[in-house]
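These notes concern the structure reproduced below.
The values are calculated or read from the model by the stated rules, or taken from the named source; none is laboratory data. These figures come from a predicted structure and were not determined experimentally. Backbone-built Cβ (ideal geometry, glycine too); neighbour counts: all protein chains shown. Just the protein is used for accessible areas: all its heavy atoms, side chains included, with ligands, DNA and RNA removed. Shrake-Rupley method; radii C 1.70, N 1.55, O 1.52, S 1.80 Å.
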Amino acid sequence: MTSSSTARRKPPITISQSDHEALTRLADSIAERNPAVSEALLAELDRAKIVADDRLRPDIVRMGSSLRYTTDSGEDRSVTLVFPAEADIAQGRISILTPVGAALIGLSQGQSIDWAARDGRVHRLTVESICEHAEPAWLQQAS
């Protein structure tokens, strides 16, 4: 049996209405040039419970969230989940279009999820804490 066939069931996730709309547009916009990434993000969005922005609990990962997670390999990382234009791995700014970014969206503190890296290996991460939430740059500019 391969590690992907033994992967655990994905945990329930919750996403704000505005994140859901923005991420759906993003996934649709990359569908032709990167169908696998688009499909992975759309699959996460399809399984999410969608709530009004002001009803999303503060302990749930959303776009712009700074958080700390650990992995089954002992890694302990602090990152901020961002849109692709804001991504900077050296600054810990993880794009939603990466496998780990798509895995993080909608998780709450204490939840774990299995995710497949680009090399196909399955990893498990656990959200340890959500430190803060900053509005994404595109949303700040729209205000």
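Within segment 45-54, being touching a strand residue (DSSP E or B) at 6+ places or on another chain (Cβ under 9 Å), in contact (Cβ under 8 Å) with a residue 24 or more places away in the chain and open to solvent by 20 Å² or more (accessible area, probe 1.4 Å) holds for 49, 50, 51, 52, 53.
Restricting 110, 101, 106 to residues that are part of a loop (DSSP other than H, G, I, E, B), open to solvent by less than 50 Å² (accessible area, probe 1.4 Å) and out of contact with any His (no Cβ under 6 Å at 6 or more places or on another chain) narrows the list to 106. On inspection, residue 80 does not qualify as polar (S, T, N, Q) and at pLDDT below 95. Among the residues of segment 18-39, the ones that are in contact (Cβ under 8 Å) with a residue 12 or more places away in the chain, in contact with an Asp or Glu (Cβ under 9 Å, 6 or more places away or on another chain) and farther than 24 Å from residue 126 by Cα come to 2 in all.
Check whether at least one residue in segment 79-87 is open to solvent by less than 50 Å² (accessible area, probe 1.4 Å), of a type in the set (S, T, N, Q), closer than 16 Å to residue 130 by Cβ and in contact with a strand residue (DSSP E or B) (Cβ under 6 Å, 6 or more places away or on another chain), and report yes or no. Among the residues of segment 79-87, at least one is open to solvent by less than 50 Å² (accessible area, probe 1.4 Å), of a type in the set (S, T, N, Q), closer than 16 Å to residue 130 by Cβ and in contact with a strand residue (DSSP E or B) (Cβ under 6 Å, 6 or more places away or on another chain), which makes the answer yes. In segment 37-44 there is no residue matching the filter, namely being in a loop (DSSP other than H, G, I, E, B) and surrounded by 14 or more Cβ atoms within 10 Å (Cβ to Cβ). Of the residues in segment 47-68, at least one is at pLDDT below 95 and among the hydrophobic types (A, V, I, L, M, F, W, C).
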